[in-house]
Amino acid sequence: MAVSGLDVFGLWIGAALSLCIFSFLYRDNPFYRLAEHIFVGVSAGYYMCTGYWQVLQPNLIARLQDGDWRYAIAAVLGGMLLMRLWPKYAWVGRWPLAFMVGIYAGYNIVYTMQAQVLAQVSDTIVSLWNNPDWTATLKNWIILVGVLTSLAYFYFSVEHKGVIGQAARVGVWVLMITFGATFGYTVMARVSLLVGRVMYFQDVWTHTARWLGIS
Amino acid sequence: MDAFFCWDKLNNLIGVLFISGCIAWHTFQARRGARPFIRRLPALGALDDAIGRAVEMGKPVLYIPGVADIDDAQTLASVSVLERVAEDVASYDMPLLVPNCCSVVMSMTQEVVRSAYAKAGHPEAFQSDYVRYLCDEQFGFAAGASGIMMRERPAAIFYIGNFLGEALILAENGNASGAIQVAGTATVSQLPFFVASCDYTLIGEELYAASAYLSQDPMQLGSLKGQDAVKAVIMFIIVFGTVLYSLGFTWVKDLLTP
Amino acid sequence: MKREVPLIITFVAGAVMIVQFYTLPLSWLGDLFNDFFNIIVTCAYVLGAASLLIANGRKIQRQAPGWGYNAVLLLSLLATLFCGFCIFPQGGLPTDAGTPFDWIFQNVYTPMSAATYSLLAFYIASASYRAFRARSAEATILLVTAFMVMLFRIPLGELLWEQLPILHYLDIGDFIETWIIGGFNTAGQRAIMLGASVGLISVSLKILLGIERSYLGSAD
Amino acid sequence: MLDKLSSLDRRWIFLAITIAVIIPFVFPLGLPIKVSQQTKQFYECIEQLPQGSVVCMSFDYGPGTRVECHPMAQAALYHLFTRRCKVIALALWPEGALFAREALREAAKETGAAEGTDYVNLGYKAGGEVVLRGAGDDLRAFFPNDIDGRSWDSIPMLKGIKGWDTIDLICAWSMGKPGVLEYVRVVGGSYHRPIITGTTAVTAPEAMPLVNSGQIEGILQGMRGASEYEVMLKRPGAAARGMDALSMAHVAIAAFIIMANVIYWLNKRRDRRNSLVGGGA
């Protein structure tokens, strides 16, 4: 693979900026601040450009050009949102806000019911005996008892005393195992990221060496 | 009729009607005067303590409403917790910093915080850069928010809402800055970090309960009671369905399968 | 008027989304509203960039402490916008591969995003050191589970386990998958999910009915 | 000494982790990689696809988790193209579309697959779950063009593709929301298409209940899953290269946890002894 000077320059820029970010581990310093401000500026710009070319252009502008005037409503609502920039007319921005909140409130109700409540309850209904092997049986018991006791922990209208209190205590243990497992898994994920960065620095070096004709 | 209604979603409709009915009934029951008992959540007491400490030290309070947009109910729940926190902080005439990851959320939190200062009688104390938009990218946001923690040295930091990978960056830097930290999220993958790094954590549904509890509005408390009733029914269905299923009757499970 | 209209809009939009879910002839309305939603969200990016411009512009104007950084932020924002809107390659879009915009994405945005993310590897280590202490029964459970899942799902951990007397007959990877992940973790995740779903439906309902309205701000 | 250690400056920990990660790159350990059941299942899902099957591959990750998801995508594309399957790539994350382009080009170079007949990149669409649902019966309505602006009709392999029910397998690379959960909800729930996924190690526990209930048929978990898959394909890549470093860093963190607890325990014992002495005086 041919490596151009521009590629190598880019890689070094990226590596330098990465090092600026890593310098924060030592303490807050001007290099980090520089990188931080570049990062914030570039990502705000990045989101705006991709948003325009991948959403507004095809879904709004192209459709309006095709004469689908329903989309003018969306354009007006979007414009109203921008009124937030003028404090005097900021209240106008509540309309699109209310529209968005409404859409998702309605959406949440029906889809959460479908995907979370119904699906999870139905998955929790399992066979407590008559399983092909004892591991399945034991696992099903763990899931049933675990779900019930953890749900007891989320009971707000009763003090955690007596039976509910004991169930909630077992529930907390189940939750702690859940958190522990998630934590353990996450360690792997996070370390992978760091490994990825080390490989990136390695790549920077091999590309530079290739460009210089060393290797 | 077949061409009009999706019959395979009937179980969903019944479920939605049932939950809505349950919550609505308890809510309006509460409005008629039956003030329901709600257990005190320890993390909420910590909110007050943390604000109190900030006032004593004369340092700002930092409130992060998560990184999700308003299409996430956690963000909305967070905004309503923010409303109470802002009223509290504003009544002491202290600065409340709210960095945002989404501009729509920013326009919402700005409104809430500005109103809170006005309500507390200190409209002039609100400065427009208290509530700011950093950037949509979660790590750009984390970098910016960590910077704010190190420079402004807030005495109390609240992380309430939907958080992703940046949760630990925020919580560890907040910890290093020496602040009291209270977190609340329903995002399971980030809960362990908040549990490990923060002083108090609202777990899952507690986040939604928090806004109702803080408002002490009987209707809101009534809705919590309604949620409990729903959970009781869910637990009953699970036990009942499991026993029947183990005996070989699968109809409960079949009815629920979406 | 300033509050009533938004509440009505919220209710109508929500009701439409619910009704279209159950009825076939109205599902187009759901799609249309979703399109609208996306368009408004994208307009919000403009709002974000504009508020960045205003906030940083003010600081530069006032020459507030550290205003040089704000200038850097503005410059990088404007440079990205310029590349993303004005530099068209032949027959393509400014965001295509090989454009200056793409170069910024590859060499500025991606490395910094990945570097910030990878700071997590360090923070997770310091959090483990500071917070994972067997203080109480709950903390011990968390600690032991995390320790096992972390150590025995990597090649080196498996190798260590196989050196242990007697215990090595137990397939540790399988044990973690079946009992910890498949058993307890599934139960805990499910309970949190169920509880949170009920809370979520309740919040959504309260929003539609106008009981929960803090998102509108509390005064005019 | 104990007090000093129990409030150890976290920068020492940072330094130790840095060293643990870098050493294996200088002196590789070559630890064996054992293939797990889940990875085998994932492999089989692709292995059993008939020739010419159409797979929809969703690139739902950003630069941050590229190191975990990208090797999976590269390996799976290689696997699919050598089995003569067709791939429709799309992205629910803005950066995903660019990673898709990169992965597709590399795999095409490696296997000789051709753009337009063997694969197409439909690009990114904002909206997450909404997109999946909206595209339900007519993908074309949401993706009228591919990422380079070619119209749907001009792309030969899209002939006959309508909604999700014309897709044989969904393969989602997922790091959060939107991601595989959205696919399970919409495409699995309403269209009953088989779904396989590769997730970051963080999202894996969240996806496991769905794997157990059969809603997801195969899963690659994080970098480890990717390295196992690479081993199965006999095509070692980036993931396998990083496994040693991954192991070392884990051991370092484990050592810190043990150390913290030993110190905690010693401190507690000392305090108890001191308080006993104090009580006697």
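The values are calculated or read from the model by the stated rules, or taken from the named source; none is laboratory data. Computed from a prediction, not measured in an experiment: that's the story for all the values here. Cβ sites come from the backbone with ideal geometry, for glycine too, and all protein chains shown count toward neighbours.
Using the structure shown, decide if C:Leu208 is within 27 Å of D:Ser247 (Cα to Cα) and either surrounded by 20 or more Cβ atoms within 10 Å (Cβ to Cβ) or touching a helix residue (DSSP H, G or I) at 6+ places or on another chain (Cβ under 9 Å) (or both). So C:Leu208 does not fit the description; no. For segment A:129-154, a residue qualifies if it is at pLDDT 90 or above, more than 21 Å from D:Glu206 (Cα to Cα) and either touching a Lys or Arg at 6+ places or on another chain (Cβ under 7 Å) or away from chain C (no Cβ under 14 Å) (or both), but none of them does.
Please determine, by comparing only the residues of segment B:105-125 that are at pLDDT 85 or above and over 16 Å from B:Arg84 (Cα atoms), which one is surrounded by the fewest Cβ atoms within 10 Å (Cβ to Cβ). Here the answer is B:Glu124.
Table: residues versus (1) among the charged types (D, E, K, R); (2) modelled with pLDDT of 90 or more; (3) under 21 Å from the mean Cα position of the chain (by Cα).
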site	(1), (2), (3)
C:Thr110	no, no, yes
C:Ala114	no, no, yes
C:Ala125	no, yes, no
C:Ala134	no, no, no
C:Val144	no, yes, no
C:Phe147	no, yes, no
C:Leu156	no, no, no
C:Ala187	no, yes, no
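Once segment A:23-68 is narrowed to residues that are among the aromatic types (Phe, Trp, Tyr) and under 25 Å from B:Asn100 (Cβ atoms), the residue that is nearest to the chain's Cα centre (by Cα) is A:Tyr47.
Report yes if A:Val187 is facing another protein chain (nearest Cβ under 7 Å), within 22 Å of B:Ser197 (Cα to Cα), in contact with a helix residue (DSSP H, G or I) (Cβ under 8 Å, 6 or more places away or on another chain) and surrounded by fewer than 24 Cβ atoms within 10 Å (Cβ to Cβ), otherwise no.
Numbers: facing another protein chain (nearest Cβ under 7 Å): yes; within 22 Å of B:Ser197 (Cα to Cα): yes; in contact with a helix residue (DSSP H, G or I) (Cβ under 8 Å, 6 or more places away or on another chain): yes; surrounded by fewer than 24 Cβ atoms within 10 Å (Cβ to Cβ): no.
No; evaluated as a whole, the condition is false for this residue.
Out of all the residues in segment B:20-42, is one or more touching an Asp or Glu at 6+ places or on another chain (Cβ under 7 Å) and modelled with pLDDT under 95? Yes: one or more hits. Where helices (runs of 4 or more DSSP H) fall wholly inside segment D:172-281, the ranges with 1 or more residues that are of a type in the set (Gly, Ala, Ser) and farther than 28 Å from C:Ser126 by Cα are D:238-280. The conditions of being within 9 Å of chain C (Cβ to nearest Cβ) and either over 30 Å from D:Gln215 (Cβ atoms) or among the polar types (S, T, N, Q) (or both) are not met by D:Ala20. Taking the condition of being modelled with pLDDT of 85 or more and either more than 7 Å from every other protein chain (Cβ to nearest Cβ) or over 14 Å from C:Phe11 (Cα atoms) (or both), how many residues in segment C:207-220 meet it? The qualifying residues number 2.
Considering only residues that are among the basic types (Lys, Arg) and within 28 Å of C:Phe11 (Cα to Cα), which ones fall in segment C:149-206? Break it down into steps so the answer makes sense when it comes.
Filtering segment C:149-206 for residues among the basic types (Lys, Arg) gives C:153, C:190, C:206.
Hit for segment C:149-206 is C:Lys206, nothing else.
Residues that are closer than 28 Å to B:Met219 by Cβ, assigned by TED's automatic domain parsing to the domain that holds B:Gln138, in a helix (DSSP H, G or I) and polar (S, T, N, Q) do not occur anywhere in segment B:25-45.
D:Gly222 falls short on exactly one of the conditions (1) under 21 Å from the mean Cα position of the chain (by Cα); (2) on the phi > 0 side of the Ramachandran plot; (3) free of Cβ contacts under 8 Å to residues at least 40 places away in the same chain, and that condition is (3).
Which of the residues spanning segment B:67-99 are among the polar types (S, T, N, Q) and touching a residue at least 40 places away in the same chain (Cβ under 8 Å)?
Going residue by residue through segment B:67-99, those that are among the polar types (S, T, N, Q) are B:74-75, B:78, B:80, B:91.
Result: B:Gln74, B:Thr75, B:Ser78, B:Ser80.
Exactly one residue out of D:Asp165, D:Asp148 is touching a helix residue (DSSP H, G or I) at 6+ places or on another chain (Cβ under 8 Å), over 25 Å from D:Ile33 (Cβ atoms) and assigned by TED's automatic domain parsing to the domain that holds D:Val67: that is D:Asp165.
Residue-wise test of (1) surrounded by fewer than 23 Cβ atoms within 10 Å (Cβ to Cβ); (2) at the interface with chain C (Cβ under 8 Å from one of its Cβ atoms); (3) not hydrophobic (A, V, I, L, M, F, W, C).
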residue: B:Met150; (1), (2), (3): yes, no, no
residue: B:Arg153; (1), (2), (3): yes, no, yes
residue: B:Tyr159; (1), (2), (3): no, no, yes
residue: B:Gly165; (1), (2), (3): no, yes, yes
residue: B:Ser189; (1), (2), (3): no, no, yes
residue: B:Pro192; (1), (2), (3): no, yes, yes
residue: B:Ser197; (1), (2), (3): no, yes, yes
residue: B:Tyr200; (1), (2), (3): yes, no, yes
residue: B:Leu207; (1), (2), (3): no, yes, no
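Return yes or no: is A:Ser157 in contact with a Leu (Cβ under 9 Å, 6 or more places away or on another chain), small (Gly, Ala, Ser), within 7 Å of another protein chain (Cβ to nearest Cβ) and more than 18 Å from B:Gly15 (Cβ to Cβ)? Yes. Checked against the criterion of being within 30 Å of A:Val55 (Cα to Cα), part of a helix (DSSP H, G or I) and either within 13 Å of chain A (Cβ to nearest Cβ) or of a type in the set (A, V, I, L, M) (or both), segment D:84-96 has at least one qualifying residue. Residue check: C:Ala44 meets all listed conditions (1) at pLDDT 90 or above; (2) buried (at least 19 other Cβ atoms within 10 Å of the Cβ) but one, namely (1).
State whether one or more residues within segment B:17-38 are more than 30 Å from B:Glu87 (Cα to Cα) and of a type in the set (A, V, I, L, M). Within segment B:17-38 (the criterion being more than 30 Å from B:Glu87 (Cα to Cα) and of a type in the set (A, V, I, L, M)), the answer is yes, since at least one residue qualifies. Annotation: A:Gln54 fulfils all but one of (1) more than 9 Å from chain C (Cβ to nearest Cβ); (2) in contact with a Gly (Cβ under 8 Å, 6 or more places away or on another chain); (3) not β-branched (Val, Ile, Thr); the unmet one is (1).
Scan segment A:76-96 for residues that are more than 7 Å from chain C (Cβ to nearest Cβ) and either touching a residue at least 24 places away in the same chain (Cβ under 8 Å) or part of a helix (DSSP H, G or I) (or both) and jot them down. Before you say what the answer is, go through the steps one by one.
Taking segment A:76-96 as the starting set, the residues that turn out to be more than 7 Å from chain C (Cβ to nearest Cβ) are A:76, A:79-80, A:83, A:86-90, A:92-93.
Within segment A:76-96, A:Val76, A:Gly79, A:Met80, A:Met83, A:Pro87, A:Lys88, A:Tyr89, A:Ala90, A:Val92, A:Gly93 qualify.
Have a look at D:Ile23, D:Ile46 and point out the one that is outside the structural domain of D:Asn212 (by TED's automatic domain parsing) and in contact (Cβ under 8 Å) with a residue 60 or more places away in the chain. Testing whether each residue is outside the structural domain of D:Asn212 (by TED's automatic domain parsing) and in contact (Cβ under 8 Å) with a residue 60 or more places away in the chain leaves just D:Ile23.
Of all the residues that make up segment B:77-109, how many are in a helix (DSSP H, G or I) and in contact with a helix residue (DSSP H, G or I) (Cβ under 8 Å, 6 or more places away or on another chain)?
Let us first name the residues in segment B:77-109 that are in a helix (DSSP H, G or I), namely B:77-91, B:103-109.
Cutting the leftovers down to in contact with a helix residue (DSSP H, G or I) (Cβ under 8 Å, 6 or more places away or on another chain) gives us B:77-90, B:103-109.
Looking only at that region, the number is 21.
Applying the condition of being touching a residue at least 60 places away in the same chain (Cβ under 8 Å) and over 19 Å from C:Pro94 (Cα atoms) to segment D:86-103 and asking which residue is nearest to the chain's Cα centre (by Cα) yields D:Leu92.
If I filter segment C:57-70 for residues that are modelled with pLDDT of 90 or more and at the interface with chain A (Cβ under 8 Å from one of its Cβ atoms), do I get at least one hit? The answer is yes, given that some residue of segment C:57-70 is modelled with pLDDT of 90 or more and at the interface with chain A (Cβ under 8 Å from one of its Cβ atoms).
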